[in-house]
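Worksheet: one structure, shown below.
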Amino acid sequence: MIRVKRGNVARKRRKNILKLAKGFRGSHSSLFRTAKQQVLKSLRYSYVGRKNKKRDYRRLWIVRINAALIPFGLTYSQFICGLKKSHIGLNRKMLGQIAVVDNNAFEQLINITK
Amino acid sequence: MNDTYIPNKNTSKKWYLIDASDQTLGRLSTKIASILQGKNNIDYTPFLNTQSYIIIINAQSITVTGQKKYKKLYKRHSGQPGGLKIETFEQLNQRMPNKIIEKAVKGMLPKGPLGRKLFTQLKVYANNNHPHEAQQPEDITLK
């Protein structure tokens, strides 16, 4: 057979994985075989995390809206029902932001829904 | 402006006073846990401490409904064999009245370093007086 050198093929492959492992603790960022395991794990976690992130933020907005409704004597469920009935399509992210940043606008929203 | 608002760390403390006499145990504890976590603030963030301190007075006079006064059991185990100790609500109220509210609220707070820190912000006193007059707590009883 013809003599074949492996060249730098393997090194390039391993370099890609090690690049993803930057910032890991100890040998998990420098040794290829341990780094590969941790990189695979991290990719799995980030996939799940991207789905969880959407849930977590919606939870946060709902708690904040509930808190903002306390001085008006409303609950979140009543508020959302009022919004649906008045055909306001604002999502909870915006409602949460409005509640924090712009108190006046939030109050007017509530008056519309009542 | 498009990102969700995350507030800066809060450095000012808010003190609240609650009178526990003739309040139902569980119903009061949920409200306490809610305030400690800061869920009545519009800038609630789950990983930040809103620095709310709560003083409970008259913890001895907390009530429970039904037969629970004689039948609700508080259990603990010393770790040694045969070391299960059981007390009723009434007996614990006589021995250490603070423990009842503390146990109830502790189970309702989140478990973790922040939850443990929040638990230290709850001050329970069996009688009518508390040593925190200098903090000028705001009275929010009837909760």
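The values are calculated or read from the model by the stated rules, or taken from the named source; none is laboratory data. Predicted, not measured: the structure shown is a model, and the values here were computed from it. Glycine gets a Cβ as well: all are built from the backbone with ideal geometry, and neighbour counts include every protein chain shown. Protein only, heavy atoms only, side chains kept; ligands, DNA and RNA dropped before computing areas. Shrake-Rupley method; radii C 1.70, N 1.55, O 1.52, S 1.80 Å.
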Residues satisfying the stated conditions in region B:89-143, i.e. more than 16 Å from B:Gly26 (Cα to Cα) and of a type in the set (S, T, N, Q): B:Gln91, B:Gln94, B:Thr120, B:Gln121, B:Asn127, B:Asn128, B:Asn129, B:Gln135, B:Gln136
Residue tally, condition in a helix (DSSP H, G or I), open to solvent by less than 50 Å² (accessible area, probe 1.4 Å) and among the hydrophobic types (A, V, I, L, M, F, W, C), over region B:115-143: 2
Residues that are in contact with a Lys or Arg (Cβ under 9 Å, 6 or more places away or on another chain) and not in a helix (DSSP H, G or I), drawn from region A:9-47: A:Ala21
Any hit, region B:14-21, residues being within 13 Å of chain A (Cβ to nearest Cβ) and in contact (Cβ under 8 Å) with a residue 12 or more places away in the chain: no
Exclusive hit being over 15 Å from the mean Cα position of the chain (by Cα) and not in a helix (DSSP H, G or I), set B:Lys111, B:Lys75, B:Lys69: B:Lys75
Selection count where residues are within 14 Å of another protein chain (Cβ to nearest Cβ) and either without any contact (Cβ under 8 Å) to a residue 60 or more places away in the chain or touching a Cys at 6+ places or on another chain (Cβ under 6 Å) (or both), scope region B:47-71: 2
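Go through region A:22-68 residue by residue and tally those that are among the aliphatic types (A, V, I, L, M), within 28 Å of B:Asp3 (Cα to Cα), more than 14 Å from chain B (Cβ to nearest Cβ) and in contact with a helix residue (DSSP H, G or I) (Cβ under 9 Å, 6 or more places away or on another chain). Break it down into steps so the answer makes sense when it comes.
Our first condition is that a residue be among the aliphatic types (A, V, I, L, M); within region A:22-68, this holds for A:31, A:35, A:39-40, A:43, A:48, A:60, A:62-63, A:65, A:67-68.
Filter once more, so that each one left must be within 28 Å of B:Asp3 (Cα to Cα): A:43, A:48, A:60, A:62-63, A:65, A:67-68.
Still in the list and also more than 14 Å from chain B (Cβ to nearest Cβ): A:43, A:48.
Then keep just the ones that are in contact with a helix residue (DSSP H, G or I) (Cβ under 9 Å, 6 or more places away or on another chain); that gives A:43.
Residues in region A:22-68 being among the aliphatic types (A, V, I, L, M), within 28 Å of B:Asp3 (Cα to Cα), more than 14 Å from chain B (Cβ to nearest Cβ) and in contact with a helix residue (DSSP H, G or I) (Cβ under 9 Å, 6 or more places away or on another chain): 1 in total.
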Candidate set: region A:63-82, residues that are without any contact (Cβ under 8 Å) to a residue 40 or more places away in the chain, of a type outside the set (S, T, N, Q) and under 25 Å from A:Lys53 (Cα atoms); chosen: the one surrounded by the most Cβ atoms within 10 Å (Cβ to Cβ): A:Ala68
Test: residue in region A:33-51 that is more than 26 Å from the chain's Cα centre (by Cα) and free of Cβ contacts under 8 Å to residues at least 12 places away in the same chain: yes
Residue in region B:41-50 that is outside any loop (DSSP other than H, G, I, E, B) and within 23 Å of B:Gln136 (Cβ to Cβ) present: no
